[in-house]
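To start, the structure itself, in structure tokens.
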Amino acid sequence: MAIKLYDLAGAEDDRRFSPYCWRVKMALMHKGLAFETLPWRFTEKDAIAFANSTTVPVLVDGNHTVSDSWKIAAYLEQAYPSRPAVFGGSDSQALTYFFSHWAVRTLHPPLMRAIVLDLYGHVHEKDKAYFRESRTKRYGMPLEQYGADPGKGVADFRAALEPLRPVLAENDFLSGKGPGFADYILLGVFQWARCASPRQLLEPGDPLYAWRGRVLELWGGYARKAKGYPV
């Protein structure tokens with residue numbers, strides 16, 4: 001039986017923009033595991049109540065149900081040890097856990113300012129009131145005010161990426177010679193934007209631009225084929 005993954009969708013079933021769901025989908029591809037994605041919207045809380053979760057991703061693997069992208073990755077590593085490792089050892093896993101928190105705290109805020117209104121435009125009609133209300137409460141201001149200067153959001157996002165550039169100037173992937181979960185965390189950030197916003201986040205000469213191209217082409221171009229905007 002194929003693994004099932006509840007995956008955040010926009011107004012269109014095949015527009016999937018959750019950075020956390022993208023982490024898991026790339027980990028599943030890395031492991032070579034067959035899986036089916038089920039489109040889920042913000043207001044469909046009842047559909048995942050069985051997992052004691054109100055957010056996706058939620059993974060169902062036979063009798064096992066796991067929510068939270070980090071816990072899912074750790075589960076896949078433990079449940080399928082004979083498949084290619086996404087962490088490459090406990091030390092690597094600990095460093096990747098740090099990177100996960102760094103990315104959410106450092107990269108997500110400026111990027112959200114750049115794309116929040118584009119995201120709002122792509123969420124399902126039944127989700128719009130929830131998205132507006134929850135994000136207005138989270139940011140302490142209306143969406144239009146929070147996303148009033150997307151250009152500054154892009155500039156701040158590019159600046160926040162600076163610690164990654166020396167690494168990717170010398171390595172094909174954040175995880176070294178081959179891709180790992182750190183790369184999928186970062187790709188999730190970029191897919192969050194690409195699947196919902198036409199804003200150009202990187203210049204061609206940026207080491208991150210070449211890295212993103214490599215990761216988009218993994219597994220037969222799985223991530224690049226997702227519905228989104230050109231990069």
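The length gained by stretching the chain between residue 102 and residue 210 to full extension, at 0.36 nm per residue less their Cα-Cα distance, is 36.7 nm.
Label segment 37-77 by shape, choosing from rounded, prolate and oblate, from the square roots a ≥ b ≥ c of the eigenvalues of the Cα gyration tensor; if a/c is under 1.5 it is rounded, and otherwise prolate applies when a/b is larger than b/c, oblate when it is not. Display every interim value, and only then the final one.
Values: a/c = 1.99, a/b = 1.73, b/c = 1.15.
It comes out prolate by the Cα gyration axes.
Could you work out which residue, out of 34, 103, 148, moves most in a Gaussian network model of the chain, that is, has the largest mean-square fluctuation with Cα springs under 10 Å? Sorting by GNM fluctuation, first place goes to 34. For the chain, the residue among 221, 154, 24 whose Cα projects farthest onto the positive side of the dipole built from Cβ charges is 154.
Ordering 185, 94, 54 by Cα displacement along the dipole of the chain toward the positive end leaves 54 in first place; charges were set at the Cβ atoms of Lys, Arg (+1) and Asp, Glu (-1).
Note the count of lysine pairs whose C-alpha atoms are less than 29 angstrom apart in segment 82-217, limited to pairs 8 or more residues apart or on different chains. Display every interim value, and only then the final one.
Numbers: 126/137; 128/137; 128/152; 137/152.
Close lysine pairs found across segment 82-217: 4.
About the Cα centre of the chain, what is the dipole size in debye to 20, counting +1 per Lys and Arg Cβ and -1 per Asp and Glu Cβ, all else neutral? Provide the component values of the computation, followed by the final result.
On the way: 29 positive and 25 negative charges, 34 e Å.
So the dipole magnitude of the chain works out to roughly 160 debye.
Pull out the extension gain between residue 13 and residue 126, defined as 0.36 nm times the separation in residues minus the alpha carbon to alpha carbon distance; nm, one decimal. Contour length minus Cα-Cα distance gives 39.3 nm.
List the relative contact order of segment 3-221 as a percent without decimals, with contacts defined as Cα pairs under 8 Å and 6+ residues apart. Numbers along the way, then the final one.
Numbers: 292 pairs, mean separation 57.1, N = 219.
Relative contact order of segment 3-221: 26 percent.
Placing a pseudo-label 7 Å from each Cα along the Cα-to-Cβ vector at residue 36 and residue 90 gives an inter-label distance of 3.8 nm. Which of the three applies to the chain, rounded, prolate or oblate, going by the alpha-carbon gyration tensor with a ≥ b ≥ c and a/c under 1.5 meaning rounded? Oblate shape, in that a/c is at least 1.5 and b/c is the bigger or equal ratio. Using the Cβ-Cβ distance between residue 227 and residue 4 with R0 = 22 Å, the FRET efficiency computed as 1/(1 + (r/R0)^6) comes to roughly 0.60.
Where a number appears in this text, it was derived from the coordinates with a stated rule and is not lab data. As the structure is a prediction and not an experimental result, all values here were calculated from the model. Using ideal geometry, Cβ is built from the backbone for each residue, glycine included, and neighbour counts are taken over all protein chains shown.
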